[in-house]
Amino acid sequence: MTILDRYIFKELLVPFFISLGILCFIVLTKEMLRLVELLVTNGVSLMAILKVIINLMPSFLVLTLPMACLISSITTFSRFSFDKELVAMRTAGLSLLRIAVPVFVFSFLVFLGTLFLSQWGQPWSSISLKKLAISLIQDQLNLALEQGTFNEPAKDMMIFVPTPEPGEKAMGIFILDQRDPEQEIIITARTFQMVKNPQRKQFGMRLYEGEIHHVPQDGAQHHQVAFSTYDLKINLAQALAVETPKRPDYEHIMTGLNASGWRDTNMLRRLMEYYKDLGFPVATLILGILGMPVGIVSKR
């Protein structure tokens, strides 16, 4: 690498890291109110909040790295054009293609980082966040369920709590329990209360005024039981034993889609995720290279 290449590369680094920090802060502000609420209202430790932020960073960086690469390229070559440094380079006999070599290298390195985060960083962070959330449940039961979204506290179990009106207590709960492969259980209740057993590493819910629906796989019979009080237990040790799911490759996805005549919604969703995971890294490479002519033209 020549002196000129090192100089351009160095000039790209400064605006890159500045813009990356600002963009990450902007994205983080979306979650800041929720994190402050956990810290102040629910008594979650500052260390736990920092762990949450660290686990969120891979997802944030996948979004911000392409934009930071574009801003860095535009800013650097805008300054070169404004300070007539680009004119001096061209006068010395350097072509734009030769000047762009450090930009290609820089964009490719950022592309590799974004690709790593999208393919391996995000799956790892999602599993780590789930483990962290479940571990907090042992001390903060009011963090167990997020209202208005589908929660998965354990494998093969889905829980939904409607968002209450401002100032009112949460009412109603829907539970889909598929832990028994022979039959799934659907539970609805009017109210619920969180309970825990730290010695056995269990937590659960005490449900009031609801119904239990037993739905076997063959669909031949349907059992409905009404109850006034029902205790649902969830094993924390089992919930914490989460493994990083293996992502199907492109060939496996296309085989599944062709077999279903492109009607398999699960495979279609996986195909969309596959292209999305590749789209952000490729965008980093393209935007970093496009930033050079944009920066030159903007200061003419």
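The values are calculated or read from the model by the stated rules, or taken from the named source; none is laboratory data. A quick note: this is a predicted structure, and the numbers were derived from the prediction, not measured. For neighbour counting, all protein chains shown are included, and Cβ atoms are generated from backbone atoms with ideal geometry for every residue, glycine included.
Answer yes or no as to whether ARG206 is part of a strand (DSSP E or B), among the charged types (D, E, K, R) and at pLDDT 75 or above. The answer is yes for ARG206.
Considering each of GLU146, GLU168 in turn, give the residue that is outside any strand (DSSP E or B), at pLDDT below 80 and either closer than 30 Å to SER59 by Cβ or among the small types (Gly, Ala, Ser) (or both).
Numbers: GLU168 fails: either closer than 30 Å to SER59 by Cβ or among the small types (Gly, Ala, Ser) (or both).
After ruling out the rest, the residue left standing is GLU146.
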